[in-house]
Amino acid sequence: MNIPLKFALAGLLCLPLTAATLLRADDDAGGDWISLFDGKSLDGWKMNENPDSVRVEEGMIVIDGPRGHLFYVGEVADANFKNFEFQADVRTHPRANSGIYFHTKFQESGWPNTGYEAQVNATHGDPRKTGSLYAIQDVREPGHEDGEWFNYHILVNGKQIVLKINGKVVCDYTEPDDLNRPERQLSSGTFALQAHDPDSRIDFKNLRVKLLP
């Protein structure tokens, strides 16, 4: 997506994928997986602008239309997640762009101005592809094809963010202790799915979260 904030992040690249890091990323600690989407309705979700850009169809959340963001506002964790694992099955269509926000909060319009974005994009013109921690650590190869379902796995634990595509770690980033970027910094918050533009259709299903200590 295009966001208003640009970051000068010299020295803030993802850490090397060490054996210890991978072990943490694959750790099965925490509770059970909890569904965030019933497959039938948008109960627990709230769209801000352009509500016609989202619909439920055949067990999927279909994002397709002008800019808008679908925020989770349901009962799980009071829609305020700190340490968690999140998974969704995602399918991109040609030249589509979207994103999964986390540690964000509902706003009436505009690009979310808090939290991080896990990019969704296989063939859109934006060079930041699926698996990018948007504008923080960017991926140039998406690791999936348009028209196929793939698994997006996001882990947040303390200051660590891990993104996995189909089980493969593509980003492992740890916030520096001295980072001072309040609007784009780990704290806690909810999830949001992005409608990017009228030519971008993305399908989501099996959205679920596991709460971590």
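The values are calculated or read from the model by the stated rules, or taken from the named source; none is laboratory data. Because the structure is a prediction, the values reported are computed rather than measured. Please note: Cβ atoms are built from the backbone with ideal geometry, for glycine as well, and neighbour counts cover all protein chains shown. For accessibility, only protein heavy atoms count, side chains too; no ligands or nucleic acids. Shrake-Rupley method; radii C 1.70, N 1.55, O 1.52, S 1.80 Å.
Worth a mention:
- Annotation note: GluC sites (Glu not before Pro) in the stretch 144-199 located in DSSP loop regions with a Cβ neighbour count of at most 14 within 10 Å are GLU145, GLU148.
- Note on LEU42: accessible area is roughly 50 Å² with a 1.4 Å probe, heavy atoms of protein only.
- GLU108 accessible area, 1.4 Å probe, all protein chains in place, Å² to nearest 10: 130
- Most to least accessible of ARG140, ARG91 (protein chains only, probe 1.4 Å): ARG140, ARG91
- Accessible area of the chain divided out per residue, in Å², using a probe of 1.4 angstrom: 44
- Relative contact order %, the stretch 133-193, counting alpha carbon pairs below 8 Å whose residues are six or more apart: 22
- Only protein heavy atoms count here; under a 1.4 Å probe, ASP146 has an accessible surface of about 40 Å².
- Summing +1 for each Lys or Arg and -1 for each Asp or Glu among the other residues whose beta-carbon sits under 15 angstrom from that of ASN80 gives +1.
- Ranking VAL76, ALA122, ALA88 by Cα position along the charge dipole of the chain, where only Lys, Arg, Asp and Glu carry charges on their C-beta atoms, puts ALA122 farthest toward the positive end.
- Carbon-plus-sulfur accessible fraction, the chain (probe radius 1.4 Å, protein heavy atoms only): 49%.
- Estimated FRET transfer efficiency (ASN166, SER188; beta-carbon r; R0 22 Å; 0.05): 0.20
- The value of relative contact order for the stretch 25-165, using C-alpha pairs under 8 Å at least six residues apart, is 20 percent.
- Per-residue ellipticity at 222 nm computed for the chain from its helices equals -1000 deg cm²/dmol, with DSSP H segments shorter than 4 residues left out and the rest contributing -39,500 (n - 2.57).
- Separation between Cα centres of the stretch 159-200 and the stretch 93-150, rounded to whole Å: 10
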